[in-house]
Amino acid sequence: MGKADIVVVDDQPSVCREIASFLDLEYNVHAFTNGKDTIDYLAKGPADLVLLDYDMPGMTGFEVLMAIRQHKSTRDLPVVFLTAETNERMRQEMMGRGATDYLCKPASSYDLHQCIFKYLGPRNVR
């Protein structure tokens, strides 16, 4: 079985690079620093899971999530928020709007791998 495709979206390029370095041996990682490029890619590119920052300029993580959920081809795509927001109200709002899960930043490589394993299974996890 081939490597799964994971889309990482964060307005901080350093965060994208850090997450990609955790994952690039096991997964095909596609990193984006804004919502528009992410939506454009998902309209035509492969993806098995999205790791999505909540707080971004331009398009927020919620707006990206809503666009993902509106398209038939990406409607069921697992979307995991990566956020510094740790309060329960925000978590409930993320889940209520259709997020699959969330991780608090900074997420460890272990937490990232466990979350991905939860949704994609054992095929690519160490």
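The values are calculated or read from the model by the stated rules, or taken from the named source; none is laboratory data. What you are looking at is a predicted structure, and each value in this text was computed from that prediction instead of being measured. Cβ placement follows ideal geometry from the backbone for every residue including glycine, while neighbour counts extend to all protein chains displayed.
With respect to the conditions (1) at pLDDT 85 or above; (2) surrounded by fewer than 13 Cβ atoms within 10 Å (Cβ to Cβ), Cys115 lacks only one, and its number is (2). Taking the listed residues Ile6, Ile19, the one that is assigned to a helix (DSSP H, G or I), touching a residue at least 40 places away in the same chain (Cβ under 8 Å) and not hydroxyl-bearing (Ser, Thr, Tyr) is Ile19, with no other qualifying.
Name the residues in region 70-92 that are of a type in the set (A, V, I, L, M), modelled with pLDDT of 85 or more and either in a loop (DSSP other than H, G, I, E, B) or within 9 Å of Leu103 (Cα to Cα) (or both), would you? Result: Leu77, Val80, Leu82.
For region 26-65, enumerate the residues that are among the polar types (S, T, N, Q) and either in a helix (DSSP H, G or I) or touching a strand residue (DSSP E or B) at 6+ places or on another chain (Cβ under 7 Å) (or both).
Asn28, Thr38
Only one of the listed residues (Asp40, Asp11, Asp5, Asp24) is under 21 Å from Leu120 (Cα atoms) and at pLDDT 90 or above. That residue is Asp5. For Leu120, the stated conditions hold: it is touching a residue at least 24 places away in the same chain (Cβ under 8 Å), farther than 22 Å from Gln12 by Cα, surrounded by 14 or more Cβ atoms within 10 Å (Cβ to Cβ) and of a type in the set (A, V, I, L, M). Which one of the conditions (1) buried (at least 22 other Cβ atoms within 10 Å of the Cβ); (2) free of Cβ contacts under 8 Å to residues at least 24 places away in the same chain; (3) of a type in the set (Ser, Thr, Tyr) does Ser14 fail to meet, given that it meets all the rest? Status for Ser14: all satisfied but (1). When Thr33 is tested against (1) at pLDDT 95 or above; (2) crowded, with 20+ Cβ neighbours inside 10 Å, only condition (2) is not met. When Phe81, Phe62 are checked against the criterion of being buried (at least 20 other Cβ atoms within 10 Å of the Cβ) and of a type in the set (Phe, Trp, Tyr), a single residue qualifies: Phe81. Taken together, the criteria place Asp53 among residues that are charged (D, E, K, R) and in contact (Cβ under 8 Å) with a residue 40 or more places away in the chain.
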